[in-house]
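The values are calculated or read from the model by the stated rules, or taken from the named source; none is laboratory data. This one's a predicted model, so the numbers in the text were calculated from it and none came from an experiment. When we count neighbours, we look across all protein chains shown, and the Cβ atoms used for this are built from the backbone with ideal geometry, even at glycine. Heavy atoms of the whole protein, side chains included, go into the accessibility calculation; ligands, DNA and RNA do not. Shrake-Rupley method; radii C 1.70, N 1.55, O 1.52, S 1.80 Å.
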Amino acid sequence: MTAPPRDRDGDREQDPSAALAEPVLRVGRAWTASLSLANGAIWVGWFGPLQILLASQAKDFAPGTGMSKETMLAWVTGIGAAVSLVANPLFGALSDRTTSRRGRRTPWIVAGAAGGALSLLLLAGAGGLWTMTLGWCLVQLTLNAAFAAVTAAVPDQVPRLQRGAVGGWLGAAQILGVVGGTGLATVAGGIGAGYVACAVFTLAGVLPYVLGHPDVRLGPADRPAWSWRSFLAGFWLSPRRYPDLGWAWLTRFLINLSNALVLLYLLYYLRDRLHHHDPEQGVLVLTAVNGLTLLATVVVGGVWSDRVGRRKPFVIWSGVLMAVATGALAGWQTWPGAVVAAAVLGIGFGVFTSVDFALMTDVLPAALDRGKDLGVINVANALPQVAAPALAAPIVTYLGGYRVLYGVAAVIGLAGAVLVRRIRGVE
């Protein structure tokens, strides 16, 4: 089955038979740019809170609760990440079966971004632990609906040998979203204003894609008959039946867990360990340094991988480089050391982000379940957010502090890089 032709703007024509086709024609720059902007907007909605706003609220709400600010932040982010574990594959599976005239993915991008903006506004008015937790869970639920649809649009419409480049641009947008969310949260003028700024950007950022680029529609005849048993059973992807997918999932999980351990207490690390004079500003500086070096490699790494037709060497060596940088945070606990580590982490994570995304799309089992399968893979992004607080809080509090925390993170990341070699079906 071949992909249908594209119009003069580079968008796939509205053919209900196209949804299950393997794309063969390259997407245009406008399509890539607008999808990347939508992706970046979603990450603004996540990382403005994660980097600055939730930590600041935990600091305000913790007194009198019997919890430290670190423990409160760990509980809130951990519960929210647990919600995302379910939301991403669920909404990916629902979008796979959507036969809207607007396509499979667009309705979920719109609904998820709008719901995310409203949830951020709820967080802006949070008055304590419970409303803070509820608001963050709703942010995770809704933005994961949008994110699942955005990522599934790539294997829907991008040919295999362009996915490294497109993955690179999505990765660039991701880090710009992290930097932008951190910047909005820092300069907006308070916690409430920070949430409002992130909400507005999240909603506005998806509009160029959903208004300017028609999605691929699924014909009603191609949608499988509904069955709760088959729907729920579809979320289990047997590692025995799909070993490459299993190993790819595990490597992504380990490297993302290492990265989550680095980021979780970064604000507290600067304040309590390095005694930085302005830790909030320090987080913004480190995020910007990391973003600059990531931007220097994320697109280049993806394009290079497309041209040579190989994925694994790029993922392996980028993971090793990230492990080295994380180890430096354990052994060189100074502000210059943190800046150098942030720069090196950006170089490694840039290559990893683009090439690993392309690798994941290469091992998807079936076109009908792209959204669901990518949602299951994206659990490897969300599950570390649950595991990281459970590991980090006792390490920082009882088992040696930040030196041990970053040493453990380096070992975990190195294990993820080495295990990429077990993937057999991708060059």
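Before moving on, here are some points about what is shown:
- Filter result for Leu368 (open to solvent by 20 Å² or more (accessible area, probe 1.4 Å) and touching a residue at least 24 places away in the same chain (Cβ under 8 Å)): yes
- Any hit, segment 229-237, residues being buried (at least 16 other Cβ atoms within 10 Å of the Cβ), touching an Asp or Glu at 6+ places or on another chain (Cβ under 9 Å) and at pLDDT below 90: yes
- A count restricted to segment 173-188 and to residues that are among the hydroxyl-bearing types (Ser, Thr, Tyr) and crowded, with 24+ Cβ neighbours inside 10 Å stands at 1.
- Between Thr71, Thr77, Thr98, the distinction of being farther than 23 Å from Ile395 by Cα, touching a residue at least 60 places away in the same chain (Cβ under 8 Å) and hydroxyl-bearing (Ser, Thr, Tyr) belongs to Thr98 only.
- Long-range neighbours under 9 Å by Cβ, at least six apart or interchain, first residue over 22 Å from Ser36 (Cα atoms) within segment 186-213, second polar (S, T, N, Q) and buried (at least 16 other Cβ atoms within 10 Å of the Cβ): Thr186/Gln51; Ile191/Ser56; Ile191/Gln57; Gly194/Ser56; Gly194/Thr186
- Condition check for Gly375: modelled with pLDDT under 85, of a type in the set (Gly, Ala, Ser) and part of a helix (DSSP H, G or I): yes
- All positions within segment 318-355 that are of a type in the set (Phe, Trp, Tyr) and within 20 Å of the chain's Cα centre (by Cα): Phe349, Phe352
- Residue within segment 314-337 that is at pLDDT below 80, surrounded by 19 or more Cβ atoms within 10 Å (Cβ to Cβ) and assigned to a helix (DSSP H, G or I) present: no
- Residues being at pLDDT 80 or above and open to solvent by less than 30 Å² (accessible area, probe 1.4 Å) - total across segment 393-411: 6
- Answer residue from segment 116-130, given it is open to solvent by 60 Å² or more (accessible area, probe 1.4 Å) and farther than 15 Å from Lys59 by Cα and is modelled with the lowest pLDDT among those: Gly125
- Odd one out for Leu270, checked against (1) over 26 Å from Ala415 (Cβ atoms); (2) open to solvent by 10 Å² or more (accessible area, probe 1.4 Å); (3) modelled with pLDDT of 80 or more; (4) of a type in the set (A, V, I, L, M): (2)
- Filtered residues of segment 1-60 (kept if modelled with pLDDT of 60 or more, among the basic types (Lys, Arg) and farther than 14 Å from Trp169 by Cβ): Lys59
- Any hit, segment 359-371, residues being at pLDDT 85 or above, farther than 22 Å from Leu257 by Cβ and part of a helix (DSSP H, G or I): no
- Subset of segment 273-311 [basic (Lys, Arg), in a helix (DSSP H, G or I) and modelled with pLDDT under 80]: Arg273
- Segment 307-321 residues that are under 13 Å from Ser354 (Cα atoms) and touching a residue at least 60 places away in the same chain (Cβ under 8 Å), paired with ones that are of a type in the set (Phe, Trp, Tyr) and surrounded by 16 or more Cβ atoms within 10 Å (Cβ to Cβ) (beta carbon under 8 Å, 6 or more apart): Val315/Phe352; Ser318/Phe349; Ser318/Phe352; Gly319/Phe352
- Condition check for Phe235 on (1) part of a helix (DSSP H, G or I); (2) out of contact with any Phe, Trp or Tyr (no Cβ under 7 Å at 6 or more places or on another chain): one failure, at (1).
- Selection from segment 177-198 of residues that are farther than 28 Å from Gly350 by Cβ and part of a helix (DSSP H, G or I): Ile191, Gly192, Ala193, Tyr195, Val196
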